[in-house]
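The values are calculated or read from the model by the stated rules, or taken from the named source; none is laboratory data. Here the structure is a predicted model, which means the values were calculated and not measured. When the accessible area is computed, the model is the full protein with side chains, heavy atoms only, and any ligands, DNA or RNA have been set aside. Shrake-Rupley method; radii C 1.70, N 1.55, O 1.52, S 1.80 Å.
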Amino acid sequence: MGDKRSRFEALVLPHLDAAYRLARWLTRSPGDADDVVQEAFLRAFRSFDSLRSPDARAWLLAIVRNCHLTALEQRRRRAAEPFTEEHEAREPAVGGAGSGAGAAGPEEATVERDERRTLTRLIGLAPEHREVLLLRELEDMSYRDIATVTAVPIGTVMSRLARARAALRESWLEEAEGEPRAVR
């Protein structure tokens with residue numbers, strides 16, 4: 001058991017941040033992301049012996065994605081309750097507000113505003129497009145690894161990525177023209 005744990009910590013634990021980022025984007029909720037990551041790490045540890053690659057990141061992120069899909073299905077079966085005002089009040093502001101924002105200079109404020117706009121555009125994307133864009137651009141994963149995580153062919157990954165980039169570009173251009181519209 002000790003050898004399995006030390007190998008797990010060496011191969012899988014370094015990808016905890018990537019797992020949380022993916023879960024956070026998929027769930028759009030810090031609390032739900034915590035739950036998904038916790039379940040994913042439990043599943044990963046239980047099935048660690050089935051890992052055949054020395055690079056565990058794609059394997060772990062596939063587990064995170066599957067845990068998210070399982071949680072969604074469970075919510076659908078239980079007829080999920082709408083968010084309460086109390087839950088929404090606990091949500092942190094996008095862009096890290098409250099983490100020393102009063103001390104930020106004009107440059108930092110501009111960067112933060114641009115990041116919030118980008119996040120808003122990302123959130124507006126279809127989930128399958130947002131997922132591949134995040135894995136490619138934020139996690140710097142290869143198309144092959146993204147295909148492994150999302151369980152779709154590489155061609156589908158490339159197609160979704162192209163559509164996501166086009167939608168973001170269109171949204172950005174519309175925003176620059178002063179006519180923001182909903183992202184598809």
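Of M141, M158, the residue with the largest accessible area leads and the full order is M158, M141 (1.4 Å probe).
Just the number please: accessible area per residue for the range 1-59, 1.4 Å probe, all protein chains included, in Å². Write out the running numbers ahead of the final one.
On the way: 3390 Å² over 59 residues.
Computed with neighbouring chains in place, this is 58 Å² per residue.
All C-alpha pair distances within the range 1-72, sorted into 10 Å bins from zero, spread as 22, 55, 21, 2 percent across the bins.
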